[in-house]
Amino acid sequence: MRFPAPLVTLIRELGRLPGIGPKSAQRLAFHLFNRPTADVEALAQALLDAKHGLDRCPVCFHVKSKDAPLCAVCEDPRRDAALVCVVEQPADVLAIERSGAYQGRYHVLHGVLSPMHGVGPDELTLDALWARLDGIEEVVLATSTTVEGEATAMYLARTLHERGVRTSRI
Ligand code: ZN
């Protein structure tokens, strides 16, 4: 049986999301089809609003509201500016914030070093990290424990030591 074209398109687009395989994409598509029109419109609007209303913080590259100059962490004067935690993705910031124990600031790499996938230092936000080292005493390396995450942490530790900044690994 051939699916109608709009259904094929919807399944294809949903299937491009991370963690969504073809079966999940199909299940989500039929779920959306069965929802009231107002619910689907609210979801579509939320997607567009998020895409148009959000931006990267120019200091730490975490997510920020488009009409704010900085993200909520960089904007908060109570956060320790001498302590910076390096993470791979904005979701990692949220995970650390949930613990409530960390009082420093962040730097979001938006990836990890991966020679296999053509990701070198220039593809990450490293230049911006080196540019903000003035006044930073310690950098916490919170990249993942994958091979690439570990290699990225080692690269960062080496480069930061050369620049006289203390590092720790979590
Ligand atoms: Zn920020």
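The values are calculated or read from the model by the stated rules, or taken from the named source; none is laboratory data. What you are looking at is a predicted structure, and each value in this text was computed from that prediction instead of being measured. Positions of Cβ are backbone-derived with ideal geometry, glycine not excepted, and every protein chain shown enters the neighbour counts. The accessibility values were calculated without ligands, DNA or RNA, using every heavy atom of the protein model including side chains. Shrake-Rupley method; radii C 1.70, N 1.55, O 1.52, S 1.80 Å.
Some points to look at:
- In the range 19-72, the qualifying residues are those that are exposed (fewer than 11 other Cβ atoms within 10 Å of the Cβ) and within 15 Å of PRO90 (Cα to Cα), and the one that is farthest from the ligand (Cβ to nearest atom) is LYS51.
- LEU14 surrounded by 12 or more Cβ atoms within 10 Å (Cβ to Cβ) and over 25 Å from HIS110 (Cβ atoms): no
- Among the residues of the range 73-86, those identified as more than 10 Å from the ligand (Cβ to nearest atom) and out of contact with any Gly (no Cβ under 9 Å at 6 or more places or on another chain) are PRO77, ARG78, VAL86.
- Pairs where the first residue, in the range 150-169, is within 15 Å of ARG132 (Cα to Cα) and the second is part of a strand (DSSP E or B) and open to solvent by 60 Å² or more (accessible area, probe 1.4 Å), C-beta under 9 Å, 6+ apart: LEU160/ARG166
For every residue, the table says whether it meets (1) modelled with pLDDT of 95 or more; (2) more than 26 Å from THR159 (Cα to Cα).
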| site | (1), (2) |
| --- | --- |
| GLU75 | yes, yes |
| VAL86 | yes, no |
| ASP92 | yes, no |
| ALA101 | no, yes |
| ARG105 | yes, no |
| VAL108 | yes, no |
| ALA128 | yes, no |
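- Long-range neighbours under 9 Å by Cβ, at least six apart or interchain, first residue farther than 16 Å from ALA44 by Cα within the range 11-31, second open to solvent by less than 70 Å² (accessible area, probe 1.4 Å) and of a type in the set (Ser, Thr, Tyr): GLY15/SER24
- Residue identified as of a type in the set (Phe, Trp, Tyr) and near the ligand (Cβ under 10 Å from one of its atoms) among TYR106, TYR102: TYR106
- The single residue among ALA44, ALA25 that is in contact with a Gly (Cβ under 8 Å, 6 or more places away or on another chain) and not in a loop (DSSP other than H, G, I, E, B) turns out to be ALA25.
- Strands (runs of 3 or more DSSP E) completely within the range 73-162 that count 1 or more residues being surrounded by fewer than 18 Cβ atoms within 10 Å (Cβ to Cβ) and acidic (Asp, Glu): 80-87, 138-141
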